[in-house]
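First comes the structure, then the notes that go with it.
The values are calculated or read from the model by the stated rules, or taken from the named source; none is laboratory data. Owing to the predicted nature of the structure, the values given are computational and were not obtained by experimental measurement. Here Cβ is always computed from backbone atoms with ideal geometry, including for glycine, and neighbour counts include all displayed protein chains. Keep in mind that these areas ignore ligands, DNA and RNA; they rest on the heavy atoms of the full protein, side chains included. Shrake-Rupley method; radii C 1.70, N 1.55, O 1.52, S 1.80 Å.
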Amino acid sequence: MDQQRTEMLIVDKDVENLDKSEAVKLAAERLRTGEVVAFPTETVYGLGGNAFSDEAIHRIFQAKGRPSDNPLIVHIAEKNQLKDYVTSVPEHAEKLMDAFWPGPLTLVLKHSGTLSERVTASLPTVAVRMPDHPVALAVIRAANLPLAAPSANTSGRPSPTTAKHVYEDLQGKIRTILDGGPTGVGLESTVVDCTGDEVIILRPGGITKEALERVVDKVGIDPALFEGNKAVPKSPGMKYTHYAPAAPLCLIDGDLIFFKKKVEEAEAEGKRVGVLVTEEAAGVIQAHKEIIVGKKSDLAAVARTLYVSLRAFEAGEVDVIFSEVFPETELGSAIMNRLRKAAGGVVLKDENNS
Ligand code: TXA
Ligand code: MG
């Protein structure tokens, strides 16, 4: 792929008439000619391209090094855009859109064949969401296109929550990054399958199962998401290694005494240990490098800083990273889903204390 000079265009997300700002107009113009543009959403930065254009979608996959069988999420700014891309909108999907859009919820629906086949990886369904970020919405409106956008990281790396992370990964591979400051939620959207009678969570995220259940009767979970289950996930992206930090990650499932013991054992083997711990644990656990990932009592803060924390360990700096685990309710489910993937399933469990 040709090397390109990567430009960082700064946008103030709080100004009025963002659609008219020079940076947004330039980004929209480039999207209309089939280029790709990285932009902020409320979850993570996305790498957007015209969802009608095979060429633009090809560019997204190339820049990320993403496997072509992993479909993209289409981002829209108005609910009535949807009818042009899907065959029908079932009642439960309508309720979810009314409750959570704009916001971190992606709906999988049957598509009508109008978008590029590369967006949907030739599946009969398409994933759609309306982001809750003024810059993302302004870009979609100004381009007047549905934008296919995966997270703007190199495939396999933690998703970017700042423009600098996008630059680290995609510098030289894309021309335009819109820098609208750090994102809010910090983890990607919840993906739900709305093609059947029951709503099914394919990827846990910013909107929790508990929140969904307040709006629709029954919410299921793709069995492949449960630990140790060998079923093939319905969301193709969930089968790949993801969010990998610079050294192997291992989850420590036990109390702080157990955690300390594991650090000491690894150090005794001559390993330089990095730890990913909450504020509450930081005073107790010492290691070669400590990164604090928010407070255990505030899971929203943990979600917001998880990816920047995983990126904070530099290559060659530590030999292994140990991380705390979190309760799997509310946002904890999404946090643990990402941590397990980042760890490739490696967990040290305190069997004496379970
Ligand atoms: O918060 C987000 O969702 C971010 C921002 C940029 O919007 N985007 C994002 O995209 O996380 P990506 O490509 O990293 O993840 C999309 C996920 C993948 O797991 C993919 O397999 C799944 O959505 N997906 C896309 N289309 C699908 C479909 N038709 N059926 C099932 N899963 C689908
Ligand atoms: Mg991603």
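Residue-wise test of (1) β-branched (V, I, T); (2) closer than 22 Å to E168 by Cβ.
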{"position": "T33", "(1), (2)": "yes, no"}
{"position": "P40", "(1), (2)": "no, yes"}
{"position": "L47", "(1), (2)": "no, yes"}
{"position": "E55", "(1), (2)": "no, no"}
{"position": "D69", "(1), (2)": "no, no"}
{"position": "V119", "(1), (2)": "yes, no"}
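The set of residues in segment 225-245 that are modelled with pLDDT under 80 and either within 14 Å of ligand 2 (Cβ to nearest atom) or touching a His at 6+ places or on another chain (Cβ under 8 Å) (or both) comprises M238, K239, Y240, T241.
Residues in segment 189-221 that are surrounded by 13 or more Cβ atoms within 10 Å (Cβ to Cβ) and either polar (S, T, N, Q) or modelled with pLDDT under 95 (or both): S189, T190, T195, G206, T208. Taking first residues from segment 318-345 that are under 17 Å from V185 (Cα atoms) and of a type outside the set (D, E, K, R) and partners that are assigned to a loop (DSSP other than H, G, I, E, B) and open to solvent by less than 10 Å² (accessible area, probe 1.4 Å), the Cβ contacts under 6 Å between residues at least 6 apart in sequence or on separate chains come to A334/L187; A334/G205.
Residues that are open to solvent by less than 10 Å² (accessible area, probe 1.4 Å) and assigned to a loop (DSSP other than H, G, I, E, B) were ranked within segment 162-179; the one that is nearest to ligand 2 (Cβ to nearest atom) is I174.
Residues that are closer than 19 Å to A343 by Cα and part of a loop (DSSP other than H, G, I, E, B) within segment 235-254 comprise Y240, T241, H242, Y243, A244, P245, A246, A247, P248, G254, listed in sequence order. Which of the residues that make up segment 114-158 are among the hydroxyl-bearing types (S, T, Y), part of a strand (DSSP E or B) and more than 14 Å from ligand 2 (Cβ to nearest atom)? T125, the sole residue that qualifies.
Yes/no per residue for (1) more than 14 Å from L82 (Cβ to Cβ); (2) within 10 Å of ligand 1 (Cβ to nearest atom); (3) buried (at least 20 other Cβ atoms within 10 Å of the Cβ):
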residue: K110; (1), (2), (3): no, yes, no
residue: V119; (1), (2), (3): yes, yes, yes
residue: A138; (1), (2), (3): yes, no, yes
residue: P146; (1), (2), (3): no, no, yes
residue: N153; (1), (2), (3): yes, yes, yes
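Taken over segment 191-202, the criterion of being within 16 Å of ligand 2 (Cβ to nearest atom) and farther than 28 Å from G34 by Cα is satisfied by L202 alone.
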